[in-house]
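A short write-up of the structure that comes next.
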Amino acid sequence: MANVAVVGAQWGDEGKGKIVDWLSNRADMVVRFQGGHNAGHTLVVDGKVYKLALLPSGVVQGKPSIIGNGVVVDPWHLVGEIEKIEAQGIAISPDVLMVSDNACLILPIHPALDVAREAAASAPGSRIGTTGRGIGPAYEDKVGRRAIRVCDLASEEDLKVKIDRLRAHHDPLRAGLGLEPIDPEALLAQLMDIAPKILPYVQPTWRVLDQAIRAGKRVLFEGAQGAFLDVDHGTYPYVTSSNTVAGQAAAGSGIGPRGVGYVLGIVKAYTTRVGEGPFACELFDEVGTHLSTVGREVGVNTGRSRRCGWFDAVLVRQSVAINGIDGIALTKLDVLDGLKELKICVGYRIDGETFDYLPSSLRAQAAAEPIYETIEGWSESTQGARSFKDLPANAVKYVRRVEELIGAPVALLSTSPERDDTILMRDPFQG
Ligand code: GDP
Ligand code: IMO
Ligand code: MG
């Protein structure tokens, strides 16, 4: 029995939440290991829609769920999200939700800085198009060794010392952006007010996981964002501020690398991205409009339209390598229904040279022109299909060609937003 790590293989929004929710009834525990409430995961169960940002998707099935040390936690957002999901009839108690004591906090100063920087970014190319949730500034404080952590919420004295340390760094930055200095008393009062609402969930979660793994429990690691938003491997600087690749599942939850198990890449049958940054296969024609409207490609968090384009096999093949993907869940195949012909990017032309990978330089990424191969589409509906043999012959051909080009097999196929419109080809938990 393997543990399973679910990771986004493109630029996020591949349908990770749906797949994690579906897989979580085969798991004993679900763990988020990076990112924060910049994530937006939509789950649809019998027509009822759940939108999660920070809570692991396992909570909807009542699975014990951990917010790991690699996550940046906005405690006010967390309390709000728990209330929102409880109002939908899902009970969230400390038996279901555990928050790592060594995770770092997102404070109100972080979204303020995030938003002020984006607003001030006037030079061409300097705006990232962040979610405005304070993710970047919170991770900066983490690696700068001045973050307030979840465990600090238990001590007013520790909070005071740490707020002073934050002021020394942040006040000059804030002044440069025209923001008032931090009000230390107000921030302390806010933290002391939220602390008792968070502390009941707090645990040394690495230990909870260690005991679970030793007892033979099956763990499902839930990634947020996608490989090309990874701070190392993505289209830097148009990335998020954490490692999103499967390797982070170990460090971001406090287990060894062998504990991660099977790596399931979530892959959309075409490509989307939100925010700024290079996107070689982006479409501005009626096919782009088809993908955006039929696929309902609107950001969960920010309501922004997602940019849409053809399937980029070069990108996903690279993702298979940097994540160590064992198999993929191919989602949103139904969105391609009715398109006469389909294109798949199989290489890039950059300044007259051909590439079978995405080079690291932003200049090269921005100059990359896709080399396409064309495949015949299908007119039949695949929407809601629950068996591979129900798929039209050309849809099967498309799936097989994708597998061949990316070098990984399809383990799961998703044909609608509904939980059960999912075809299992091979069980990731069986390794
Ligand atoms: P995540 O961030 O990776 O969890 O993905 P999002 O939830 O942000 O975006 C995926 C969107 O596609 C959601 O609205 C899902 O309900 C929807 N979705 C997931 N799988 C499918 C599918 O197979 N077909 C269709 N049409 N929609 C899907
Ligand atoms: P899920 O988990 C898609 C993008 C933002 C922006 C960049 C940096 O739903 O797949 P940040 O706020 O993280 O500093 O923004 O990353 N981004 C996402 N795009 N899906 C997400 O999460 C994303 N989380 C961040 O749009 O381009
Ligand atoms: Mg999303």
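All of the numbers you see were taken from the coordinates with simple rules; none came from a lab. These numbers were taken from a predicted model, which means no experiment stands behind them. So basically every Cβ, Gly included, is an ideal-geometry build from the backbone, and we count neighbours across all protein chains shown.
Remarks
- Applying D = kT/(6 pi eta Rh) to the range 134-187, where Rh is the Kirkwood radius over alpha-carbon pairs, T corresponds to 4 °C and eta to 1.567 mPa s, the Stokes-Einstein value obtained is 110 µm²/s.
- Cross-link pairs exceeding 22 Å in C-alpha to C-alpha distance, out of 217/268; 268/340; 340/397; 268/389; 16/51; 142/268, comprise 217/268; 142/268.
- Trypsin sites (Lys or Arg not before Pro) restricted to the range 78-163 and DSSP loop, no more than 10 other C-beta within 10 Å: 145
- Dipole in debye (nearest 20) - the chain, about Cα centre, beta carbon charges: Lys, Arg +1; Asp, Glu -1: 580
- The ranking of 311, 355, 279, 284 from fewest to most other beta carbons within 10 Å of each one's beta carbon is 284, 355, 279, 311.
- By the rule of a C-alpha distance below 12 Å, with chain neighbours fewer than 8 residues away ignored, the aspartates and glutamates paired with residue 332 are 13, 14, 297, 418, 421.
- Counting only Cβ charges, +1 for Lys and Arg and -1 for Asp and Glu, the dipole size of the range 104-198 around its Cα centre is about 380 debye.
- Zero-based 10 Å bins, Cα pair distances in the chain, whole percents: 5, 22, 31, 25, 13, 4, 0
- The range 98-152 - Kirkwood radius from inverse mean 1/r over Cα pairs (Å): 12.0
- Helix-only [θ]222 nm of the chain, DSSP H runs n ≥ 4, -39500 (n - 2.57) each, per residue, nearest 500: -9500 deg cm²/dmol
- Global size of the range 267-430 as Cα Rg and Dmax, reported in angstrom: 15.7, 46
- As a proxy for reagent exposure, 328, 92 were ordered by neighbouring Cβ count within 10 angstrom, fewest first; the result is 92, 328.
- Under the Debye formula (equal points on every Cα, no solvent term), log10 I(q)/I(0) of the range 208-268 at q = 0.25, 0.28 Å⁻¹: -1.03, -1.18
- Rounded to 10°, Cα long-axis angle of helix 184-198 versus longest principal axis of the chain: 60
- The trypsin sites (Lys or Arg not before Pro) of the range 278-380 meeting both criteria, a DSSP state outside H, G, I, E and B (loop) and at most 16 other C-beta atoms within 10 angstrom of the site's C-beta, are 296, 304, 340.
- Bridging of residue 197 to aspartates and glutamates at a Cα separation below 17 Å is possible for 74, 81, 83, 86, 95, 101, 152, 156, once same-chain residues fewer than 8 apart are set aside.
- The range 38-115 and the range 1-29: distance between their alpha carbon centers, rounded to Å: 16
- Rel. contact order, % - alpha carbon contacts under 8 angstrom, at least six apart, the chain: 21
- Footprinting exposure proxy ranking of 334, 420, fewest other C-beta atoms within 10 angstrom first, gives 420, 334.
- A dipole drawn for the range 267-430 from +1 and -1 charges on Cβ atoms has a positive end, and of 300, 387, 322 the residue lying farthest that way is 300.
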